[in-house]
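Asker: Encoded as structure tokens, here's the structure I'll be asking about.
Taken together, the values in this text are just the output of simple stated rules run on the coordinates, not laboratory data. Here the structure is a predicted model, which is why all the values come from computation and not from measurement. Neighbour counts are summed over all protein chains in view; Cβ atoms, including those assigned to glycine, are modelled from backbone coordinates with ideal geometry.
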Amino acid sequence: MKKAVFSTLGLALLLSTSTAVASAQEAQEVAPALQKESIQPSNSWYADTEPNNWFDEITSEITVGDGIDIYGSLGRKIPGGYAGYYDFVDYYKFTASQSGFYEFNIQGEIYPKAWMRLSVADSNGSVKRSAEERQYRLGLNLKAGETYYLLVEATDADVGQLFDYRVTSTIKQIN
């Protein structure tokens, strides 16, 4: 009787241990999946030009609207200072060409815990609107002749995660 009880207990212990080991190995083998959308160049576009990591670093304005794209990257190490820093935000300055509903769309890398977010700030740097978490579209009404900033940022990004992106924009006139 004792042998049967110990055999059963030993078998149960062996099965639970091997299941735990298999689960641990399985967890280590599963790497975070990286999704990447195809980014095709358009006829009219702007390239991410460093430095553009803060409002006062921008040296030129861009034009937004139908058919004009912005191509950039986030997450790369930028030399400077004591040890350099990582570029996780880009600012683009533009003047609204007409009053209307401006819609910005972004495509590029998506990581399990990090993503790209769009925001628009006014000429004073106050954010007017930001896209919700993991929403790759931002729309808002803007006034003709006023200066704004388009912000592209990698949220919750880890060092080493690279984000190549493309931003497109459209304008719908308000009647």
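Asker: Using modelled backbone amide H atoms (1.01 Å from N, in-plane), which distant-in-sequence or interchain residues come within less than 5 Å of S99's amide H?
Answerer: Those lying under 5 Å, H to H, from S99 are A144.
Asker: Defining a contact as two alpha carbons under 8 Å apart and six or more residues distant in sequence, what relative contact order in percent does segment 93-170 show?
Answerer: This gives 46 percent for segment 93-170.
Asker: Counting Lys and Arg as +1 and Asp and Glu as -1, each charge on the Cβ, what is the dipole of segment 44-173 about the Cα centre in debye, to the nearest 20?
Answerer: For this selection, approximately 300 debye.
Asker: Take the alpha-carbon positions of segment 91-171, form their convex hull, and give its projected area averaged over all directions (one quarter of the hull surface) in nm².
Answerer: 5.2
Asker: Moving on to the next point. Extending each Cα 7 Å along its Cβ direction at I110 and V89, get the distance between those two points in nm, one decimal.
Answerer: 2.4
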